[in-house]
Structures are given as structure tokens and as C-alpha cells.
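Here the structure comes first, spelled out in C-alpha cells, and everything after it is commentary.
The values are calculated or read from the model by the stated rules, or taken from the named source; none is laboratory data. Since the structure is predicted, the reported quantities are computational estimates derived from the model, not experimental observations. When we count neighbours, we look across all protein chains shown, and the Cβ atoms used for this are built from the backbone with ideal geometry, even at glycine.
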């Protein structure tokens, strides 16, 4: 089974201009990933400064991903119409301006709004860059390698993000982490118009704004309902929100089936390999993004590392992701994609089990080793899936196909942050509620139950009494252990799906 319907291995090969363009394309990818990872380190200091509630903190962390996921489809379709380079540059400029707003936010509500708008601006980057790659590189092997570089650039951003963010947090306030994108945006705007080619689809049809609104209206209520359940909120409201979201999703799908120019081209799902690839991608990103906040908070609030130390110890995982991405093309020359995916995802599950053990043992070295091993083993799957989905689409729909691939990634990642984060919060609240010391004032107890970050912010007011903080760290350790094991089970499920569905897929080295 070979899903490629673009150019074959003997198509026109890329020149120096295309490879230079690829180097420029990596800039927004690095920027995008950095903005995700640096915030994880800023959560403790952010919590102490603007004092968000547990619900607000979760929204601060993942509203970016949710609105990015909800906006990707319309941005992919918009890029097909106005030009992928133009959309990339407009989105990048907006991203830089909104980063300034986020840096100087003085309330949780203002930061949530800024992060939401950043998500919409960020949604222009991934589909624009991936669709540009599909048009710039027509040779199969070169495109596979270029996609691997594209994936590695996200990894590189994730690698340097914690280190740069930790360095800034050790000298400045938490908002400084949002200033990192400014010089990258400036460089992109300077060289992008010169070296990046413009690609658009002639006669692409009109853009359906109602479909875009429906896609957002389907995603956000479901996530809100899930969060409400995890935080012990009103169950009736939670169920109502989830039902509303699924109802809107049905309306969205039916509308796409009846539109001559749909926002989501459902014909892509006729290829079973594409559907399976998207499912694997969602599960992979679900776990990968879901454990980011978990690891960052565990390193700082349980093991006691400062932001700079936590950032430096996160570098091996980022390097592992870069290495795993760059090895993809070489490994695919030796093994079929099914076995590369299956072995990698199974190894990633083992790495998560090791991290669960490390959490119980309070072992920094094992946490770092497990995180790095997880990154190396899960990275090839991301490159394989991205190449598979984009190569399955006609050239004129490359923007929409790229957006579909990125929507799966973003939605999986945002859902992972929400669900695994909510699971950890629920387990933490349950464990701490059962073990909270007697005599603790009601207000103090309510603050501690909001999360490990909120509990740690109580340290100055508790003085020498460390009983509550010790109980909070024990509760979070137990929650992290169970969450890591749950994530390992999800990766095993993804491995089974990959091996079952891709056995007949030809090697695409």
C-alpha cells in the first residue's frame, strides 16, 4: 500500500534555494515550540504572582493549544487561498505583538486572553510551513528528510526553550519568557519574503467562516466539561458542555459533506492509512504534551529544582527528540513504517513506565533518562505520519492536508494537557484530601487542594511547619506515578494501531 500521489522518487530534486528556504521555515517552528515549553517552567512563579485558580491555571497552560487546534483548519484553507508564505508572515508578526501583551499581563484573565489570541496566531505557522515543504520538495526521499528536519526544528525549540526560559526566570519575572519570540519573529520577517516561495491554490473557492466557528464551538465545550469534572465542579454543567460539543461536531461534519469547498476535506479519510495515521498522531501527541507540565512541576515542586536547573535537565529530552527525528529517514530505508512505529511507540511506553518508577524513587537521573528515551522513540512516528498525510493529498489541497495533520497533532497535544493534567489534578486532590493534616485552616486547605503549585506558594506563611507541604508533595508524587502509567498504556495502544494498520505500507526512506 503506497499512499503517495504526489511526485515519485525520480521527481525534480531540490536546489540550494529550497534548502535555504527549509532553514528559514524552521524559525517559526522553533518559535512555536519554545512558546509551549517555556510556560511550563513559569507555572510556579506565575501562580505565586497573579494567583490563578486551578481552572484558570489550566486554561493559561492549554488555551493556546486548544485555539490553535481549532483554528488550524481555517488557517490551512486560508493559506491555500491567499498564499502560504503571506499567511505565515502575517501570523508571525501577530505572534510577536501578542507575545508582548502576554509578557505584561497583570491578571489571570488578561493572560488567558493573550494566550488564546497567541493560539490563533500560532495556528498559521505549522500548516503554512508543512504545505510549503510539500510544494518545495517533490522528490519522495528529499521530502521525507525535509519533513524530518521540520519535526526536528520543533524539537530544537522545545530543547532550548526550557534552558533559555530557566535562565530568564532566574533573573527576571515570569513574563520575560514571552519576550523570547520577538527576535525570532524579526529575523523571519526580514528574510522570509526573500527566500520563501509563494504558493496558493487558484480557484480554491470561498472560505466558509461558519465552518470555522463550528470547529471551535465543537472543541472548547468538550474540554471545558472534562476540566469541570476533574476539578470537582458541577456534574450537570460538565455533561451538558460535553454533549453540546459533540452535537456541534455532528453539525460541523454534516456541513462539510454538503459544501463544494469544505473546510475539512472528508475525502482524505477514505484512505484508511490516513485515518489510522491521524489516530496514531493524536495518541502520540496526547502523551507527549500531556507529560510536559507534569515533568516540569515534578522537577521544581517535588524535587526542589529552580527554574534554570529544571530547564537544563529538560535538555536531554529535547536532544533525544532531535536525534529521533533526524534518524527517521535512515531507519525507514531498513524497516517498514509499521515496524518503525510499533517498536518506537512500545519503547516509549517502557520509558514512561521507567518515569513512573523514578517518580516513586524521587530519582532525578531516572526521570531525565526516561524522558530522553521517550523523546527518541516517539519522534520517528511524528515525521512518518506528517509525511504520510501530506503526500496523500493532491498538490492543490496541500495546505488543507497539512492543517489536518497539524490539527490532529495540536488537538492531541492540547487534549493530553487537559486530560492527563486533569487526571493528575484529580488524583492529587484525592490523595491530599485523605492525608491532609489535622488543624489546617479551611482557607489554607482549599488553597493546597487547588494544585501542587498553589500548595507550594503557601510555604512562606507556614513557617517551619512543613507537614502540609510534605503531604502535598507525596500526593503529587502518587498522582504523577499513576498518570505516567496511564500514558504508557496509551502508547501501547498506539503501537498496536500502527502495526495493525500499516503492515502493507511500503518503505518510504
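Numbers for the structure displayed
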{"quantity": "Matching entry among 73, 39, 27 (being in contact with a helix residue (DSSP H, G or I) (Cβ under 7 Å, 6 or more places away or on another chain) and closer than 24 Å to residue 109 by Cα)", "calculated": "39"}
{"quantity": "Hits in the stretch 146-173 - residues which are more than 27 Å from residue 90 (Cα to Cα) and buried (at least 17 other Cβ atoms within 10 Å of the Cβ)", "calculated": "163, 166, 168, 169"}
{"quantity": "Any chance residue 345 is under 23 Å from residue 150 (Cα atoms) and at pLDDT 90 or above", "calculated": "yes"}
{"quantity": "Residue satisfying all of: in the stretch 27-59; under 25 Å from residue 183 (Cα atoms) and over 14 Å from the mean Cα position of the chain (by Cα); surrounded by the most Cβ atoms within 10 Å (Cβ to Cβ) among these", "calculated": "41"}
{"quantity": "Set 182, 133, 149: member being closer than 26 Å to residue 387 by Cα, part of a helix (DSSP H, G or I), modelled with pLDDT of 80 or more and over 18 Å from the mean Cα position of the chain (by Cα)", "calculated": "133"}
{"quantity": "Unmet requirement for residue 451, which otherwise passes all of (1) at positive phi; (2) modelled with pLDDT of 80 or more", "calculated": "(2)"}
{"quantity": "Residues of the stretch 100-120 classified as surrounded by fewer than 24 Cβ atoms within 10 Å (Cβ to Cβ) and either in a helix (DSSP H, G or I) or touching a strand residue (DSSP E or B) at 6+ places or on another chain (Cβ under 9 Å) (or both), total", "calculated": "12"}
{"quantity": "Every residue from the stretch 298-319 that is in a helix (DSSP H, G or I) and surrounded by fewer than 24 Cβ atoms within 10 Å (Cβ to Cβ)", "calculated": "301, 302, 308, 309, 312, 313, 315, 316, 319"}
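Yes or no, residue by residue, for (1) at pLDDT 80 or above; (2) in a helix (DSSP H, G or I); (3) closer than 30 Å to residue 207 by Cβ:
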{"site": "367", "(1), (2), (3)": "yes, yes, no"}
{"site": "373", "(1), (2), (3)": "yes, yes, no"}
{"site": "376", "(1), (2), (3)": "yes, yes, no"}
{"site": "379", "(1), (2), (3)": "yes, yes, no"}
{"site": "384", "(1), (2), (3)": "yes, yes, no"}
{"site": "393", "(1), (2), (3)": "no, no, yes"}
{"site": "396", "(1), (2), (3)": "no, yes, yes"}
{"site": "400", "(1), (2), (3)": "no, yes, yes"}
